Amino acid sequence: MTARNRGGPLQGVRVVELTKVWAGPCVGKLLAYLGAEVIRVESEDSLDVTRTYGVADINNAPGFQSVNPQKLSVQINMKTREGVGLLLDLLGKSDILVENLRPGAVKRLGLGYDKVKAIKPDIVYVSMGMYGSEGPLSYQTGYAPCFAALGGLSSLVGYEGGAPVGMNIRYADSTFGASAVYGALVALLHRRRTGTGQFVDVSAVECMSSMIGDSLMDFALNGAIAACDGNRHAEMAPHGAYACRNGEWVSIAVASDDQWRALVDAMGQPGLVDHPSFCSLAARRTHGSELDSLVAAWTATRDAQELACDLQQRGIAASRSQSSLDLVSDPHLWSRGFYQEVTDSAGQAKTTTGPSWKMSRAAKVSSGAPRLGEHNAYVLGDILGLSAAEQRALTAAGITR
Amino acid sequence: MSALTGYKVLELAESVSGEYCGKLLADFGAELIKLEKPGCGSPTRQLGPRAPGTDDLEGSGLFAYLNTNKSSITLDVTNPSGASTLATLLQHVDAVIDDHPAGWLKGVGLDPDTLKQVHPQVVLCSITAFGQAPPQDRLHAQDLTVFHSSGWGYHTGSTADENQPPLKGAGRFLPSYEAGLEAALCVVASLYEREDSRLGRFIDISQQEVLASRADYVLAQMVAGDMAVGPQRSAYDLHGPAGIFPCRDGYAYIWMSAPAHWAALGKLLDNPQWMASFPANWLERECTPQRVAECRRHIAEWLKTQDKHAVAAAAQNLGLTLVAINNARDLLDSPQYRYREFFAQVEHPVQGVALYPTVPYKLSETPARILRPAPLLGQHTERGLATLVGEQAVGSRADTGGAS
């Protein structure tokens, strides 16, 4: 099987990536998981930091491998005029370009949208930046927690009356990536129907704001600015994470008075049902701290998983709060095939996270992340039609390696 | 013509994830036909935020946000006559979006096998909390419990105080929005292939899996055995001085992981005495807890005298990654959001004019646009059904809740 016949809805689509770290590579990964042929263009002088940071072997870097399975790698020195020429030749035979280099970098390389469009008029050109490619703040840069901070998420996450704590530091990049994939696919479909390509300009910060659209509507309609409120919810109470035995936590969300009665039944405290402090959602929200203390006192000595099962049987939404150990051993994630085995060109098998979706006629996920320049011969020879002698000459001149 | 003009999508969904998926398609021009229960409509009509002074069914700002550019048709698909109208509708649509609990689709005759037999051209996307076959201990779910089953709950926020409960994450519906986004990208990929094959597809989106996949960079390393797993709530964290600090007018987030960041900080602060005792590459090579604590103490002292937007601009100009912690008002005021027109003015017949958040991707040829506000309940019932499937096929007025 090659990258061009894995099946899936994007079989036959060719994607070129000029991406680094997490969010950009995530775009290529999702497109590859949908069946596209994804080619990373890498330059030894300007390697993705995930190939080098804290690892001895650039071809065996776990961080890089986590977001680059199922891709091809070609090594082209983009600091040379000939290298940029080769890349433009490749783009002439491709459908989508994804880049998340620093602001202005693609233009400095001579690979801006206008240059690529001149070679390939119907290219779908996906540009990813913290703030998008243009505008008064587009010069600013940052990492995932900056996206969440700027997009309005961090200010909503914290304990009641306290300073913002923010989302987990890892949150944002894959959401940014998935949003860019959606924009790219809408543009690809438009091209399929009209022949017209376009420029897709994705802002990481706006991706984050899209995850709190209803909070922004509250400001638009009522001028309301939400403060940190722990685990409170406007339409549910109890609603939170409660400590259990052995340092575990259970999350419980009670959405109706019926569920409240069922919870009180499980707690063995029927007197709470009609207690004036808890008899309605409004009352339970007003007495939220007292309510949380009662629930927490009950959960403290229980096993989180048993408790979640018990509550589920009573029709209440509850889940053990899963640690990283719980996640990698979650039988449901395994049985759905979320974790999949991929094999690299050296025959090394590795378990990784597959696509989140299941679909009929899905693309096969089978290959690991590429070694640097592993597919030079395929890209330069098979796609660009260069002879072995021409390829050797390019290597000798330091344009490819 | 926008990118998805001409596609007809039937929305059976009636919670946030499916309605958000439908919105993402509708804002690019797809014709979204939303089926709502006669009388009460989608349950999201009951959820806040509410526009001031509005009645029950048409006052939800949440519904207004999630259902721009859609048509509303009242139809009870769970009774025989409604089901027959649904079957007719399915012959005329390209895709169907649902987000009811697992098993509901089978109840209306839309399980994947039936679909393949009877409507092989339809792309059907089902969004559920745990996929089509949830285990017995995961039958009931809310956004919060999915967040916790996905690993994000346990690890929110970073550098947690172990005595305090893990936090729910931003807003009420982040897991639903994430799943809706994933669903939309799968639907569009399927429509792309369908242009050639004329074949539909069944798409099974699990919110738990979507959220877990959003930690792919760490989770893939963990499941591969390349990164430690364990009961620590800090398992996803990076260690160093990065964090949120109070400013004079709010909060700011500072990121520091490389010698270049340290050098930029020195430039910004004019190389104060306290920095001199740190090795130039300490962030990368000698990041001890003592140094982190001392660095954080000095940064806290400094930032509390600064204004968040001004200090962020000064820092960014020197290559230091420092940003403001924005709230909703900051976003409305952001010159960058104005430049990109992230907020769009929408006039709703009941709620009036408001600035709605739009989408994070600008497409140069086919930008997403909000051309119509969310529909009133049943606003398009009669004309909509007649246009879609022809007069004869329309079910009785009783099934559609009468004229609306």
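Apart from one condition, residue B:171 fits all of (1) at positive phi; (2) more than 17 Å from the chain's Cα centre (by Cα); (3) facing another protein chain (nearest Cβ under 7 Å); (4) surrounded by fewer than 24 Cβ atoms within 10 Å (Cβ to Cβ); the exception is (2).
Sort through B:74, B:78, B:68 and tell me the only one that's surrounded by 23 or more Cβ atoms within 10 Å (Cβ to Cβ), more than 19 Å from residue B:370 (Cβ to Cβ) and hydroxyl-bearing (Ser, Thr, Tyr).
Being surrounded by 23 or more Cβ atoms within 10 Å (Cβ to Cβ), more than 19 Å from residue B:370 (Cβ to Cβ) and hydroxyl-bearing (Ser, Thr, Tyr) holds for just one of B:74, B:78, B:68, which is B:74.
From the list B:324, B:310, exactly one residue is under 32 Å from the mean Cα position of the chain (by Cα), in contact (Cβ under 8 Å) with a residue 24 or more places away in the chain and under 21 Å from residue A:136 (Cα atoms). Which is it? First the steps, then the outcome.
Values: B:310 fails: in contact (Cβ under 8 Å) with a residue 24 or more places away in the chain.
Checking each option against the conditions leaves just B:324.
Taking the criterion of being in contact (Cβ under 8 Å) with a residue 40 or more places away in the chain and either among the hydroxyl-bearing types (Ser, Thr, Tyr) or more than 7 Å from chain A (Cβ to nearest Cβ) (or both), the residues of region B:176-193 that qualify are B:176, B:177, B:179, B:180, B:183, B:187, B:190.
Are any of the residues in region A:22-32 in contact with a helix residue (DSSP H, G or I) (Cβ under 6 Å, 6 or more places away or on another chain), buried (at least 18 other Cβ atoms within 10 Å of the Cβ) and under 18 Å from residue A:374 (Cβ atoms)? Within region A:22-32, one or more residues are in contact with a helix residue (DSSP H, G or I) (Cβ under 6 Å, 6 or more places away or on another chain), buried (at least 18 other Cβ atoms within 10 Å of the Cβ) and under 18 Å from residue A:374 (Cβ atoms). I need the full set of residues from region A:190-210 which are at the interface with chain B (Cβ under 7 Å from one of its Cβ atoms), of a type outside the set (S, T, N, Q), crowded, with 24+ Cβ neighbours inside 10 Å and assigned to a helix (DSSP H, G or I), in order please. Matches in region A:190-210: A:190, A:206, A:207.
Number of residues in region B:206-229 that are touching a residue at least 60 places away in the same chain (Cβ under 8 Å) and hydroxyl-bearing (Ser, Thr, Tyr) equals 1.
Take the conditions touching a residue at least 24 places away in the same chain (Cβ under 8 Å), of a type in the set (Gly, Ala, Ser), out of contact with any strand residue (DSSP E or B) (no Cβ under 6 Å at 6 or more places or on another chain) and assigned by TED's automatic domain parsing to the domain that holds residue B:368 and apply them to residue B:51. Does it pass?
The answer is yes for residue B:51.
Restricting the first member to region B:365-383 and to residues that are buried (at least 20 other Cβ atoms within 10 Å of the Cβ), and the second to residues that are modelled with pLDDT under 95 and not in a loop (DSSP other than H, G, I, E, B), no beta-carbon pair is closer than 6 Å while six or more apart or on different chains.
Of B:270, B:216, B:237, all but one fail to be facing chain A (nearest Cβ under 10 Å) and surrounded by fewer than 22 Cβ atoms within 10 Å (Cβ to Cβ); the exception is B:237. For residue A:159, only one of the following conditions fails: (1) of a type outside the set (A, V, I, L, M, F, W, C); (2) surrounded by fewer than 16 Cβ atoms within 10 Å (Cβ to Cβ); (3) modelled with pLDDT of 95 or more; (4) part of a loop (DSSP other than H, G, I, E, B). What is its number? With (1) of a type outside the set (A, V, I, L, M, F, W, C); (2) surrounded by fewer than 16 Cβ atoms within 10 Å (Cβ to Cβ); (3) modelled with pLDDT of 95 or more; (4) part of a loop (DSSP other than H, G, I, E, B) applied to residue A:159, the lone miss is (2). Meeting the requirement of 3 or more residues that are under 20 Å from residue A:173 (Cβ atoms) and modelled with pLDDT of 95 or more, the strands (runs of 3 or more DSSP E) wholly within region A:11-107 are A:14-18, A:37-42, A:96-99. When the strands (runs of 3 or more DSSP E) confined to region B:318-364 are screened for residues that are in contact with an Asp or Glu (Cβ under 9 Å, 6 or more places away or on another chain) and either under 20 Å from residue B:64 (Cα atoms) or modelled with pLDDT of 95 or more (or both), those reaching at least 2 such residues are found at B:352-357, B:361-363.
The values are calculated or read from the model by the stated rules, or taken from the named source; none is laboratory data. Just so we're clear, the structure is a prediction, and the values are computed from it rather than from any experiment. Here Cβ is always computed from backbone atoms with ideal geometry, including for glycine, and neighbour counts include all displayed protein chains.
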